[in-house]
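The values are calculated or read from the model by the stated rules, or taken from the named source; none is laboratory data. On a predicted model such as this, the values are computed, not experimentally measured, just so you know. Here the Cβ is made from the backbone with ideal geometry for all residues, glycine too, and neighbour counts use every protein chain on show.
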Amino acid sequence: MARITYRTRLADLLAKPWITPRDRAFCESLLAHYNKKKYMSAGRARCVRDMEARYESKPVVNSNLLAEVTELRSRIADASSWDAGFMDSVIGQVNAGRALSEKQAATVAKVNSRYSADALAALDAFDSEFRASDLMQERFAIMVEYYKSNGYYGKITSRVVDGFVPSKKQYEAITSNKYAAKILAGWETAPKHATGSMALVRGNRGGSMPAFRASGNGKLPVVIVAVNAARPSSACKGNKVYKVLPVGCAQTFLVEERDLKTYRAPKAPKKPRAKRVSNA
């Protein structure tokens, strides 16, 4: 007869379908530890005994509740969402024969309302609207780039790949806040300096900008080569980005609108008036 070890005991626990997801993950970690260390500490051994006692017999499952929460979970398409994870946990709990707390039942009801027939129809409608709108896709892409650079809204931006369609809630969260309003305004408002025109680079930020130095510390004009040369990165007024070429320089630079001012060519000196010759 094969010797019974913690490896076999944990494998027996993992083979029981009614073990909760949380305890299953704990069992897997205990098994990985045992396979590596070849021993079990007193504390871990006590946990194994507690789980063996808890899952010794198959529980009585509320089949109606199980069918209800399983059906609700099937309506949640995004497996990585919080709602999906919560419902997976609830299903595991019901499979283990445990009732839901009042708070859990209330949360299940909220999830159910978010995935009702009307709610799912609204999600499909937004999906179609987003795919058909170049403006919505552009606005979303601009804000994803902005928030990726500063680390906010990571739960949304980390999931964005080609073809990703946000939910209406995700889209509004990332494009309708006060910072988004300034970033999008910088991209979408009419430029103060047209392509081909000339401007001067301000030195009001310490004169540290390469474009300021390349233009003779702002004394020489720069030519506006391109408008919206890059997406705005500063949530402030005057954040539209231009590509400029200082006169007499071979290198172009990116400059924000707030760092430019209108160039006015110096007036030609007036010619001296001719002296009137007296006929006297």
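Remarks
- Being crowded, with 17+ Cβ neighbours inside 10 Å and either polar (S, T, N, Q) or under 20 Å from the mean Cα position of the chain (by Cα) (or both) is a property that residue 166 has.
- Residue in region 52-67 that is under 29 Å from residue 123 (Cα atoms) and modelled with pLDDT under 90 present: no
- Of all the listed residues (146, 55), the sole one being crowded, with 16+ Cβ neighbours inside 10 Å, of a type in the set (Phe, Trp, Tyr), within 30 Å of residue 9 (Cβ to Cβ) and out of contact with any strand residue (DSSP E or B) (no Cβ under 7 Å at 6 or more places or on another chain) is 55.
- Hey, residue 98 basic (Lys, Arg), outside the structural domain of residue 157 (by TED's automatic domain parsing) and touching a residue at least 24 places away in the same chain (Cβ under 8 Å) or not: yes
- Condition check for residue 166: assigned to a loop (DSSP other than H, G, I, E, B), touching a Phe, Trp or Tyr at 6+ places or on another chain (Cβ under 8 Å), in contact (Cβ under 8 Å) with a residue 60 or more places away in the chain and not hydrophobic (A, V, I, L, M, F, W, C): no
- Evaluation of residue 71 against (1) more than 21 Å from residue 155 (Cα to Cα); (2) surrounded by 15 or more Cβ atoms within 10 Å (Cβ to Cβ); (3) not β-branched (Val, Ile, Thr) (one fails), failing number: (2)
- If you check 196, 216, 186 for being exposed (fewer than 12 other Cβ atoms within 10 Å of the Cβ) and outside any strand (DSSP E or B), only one passes: 196.
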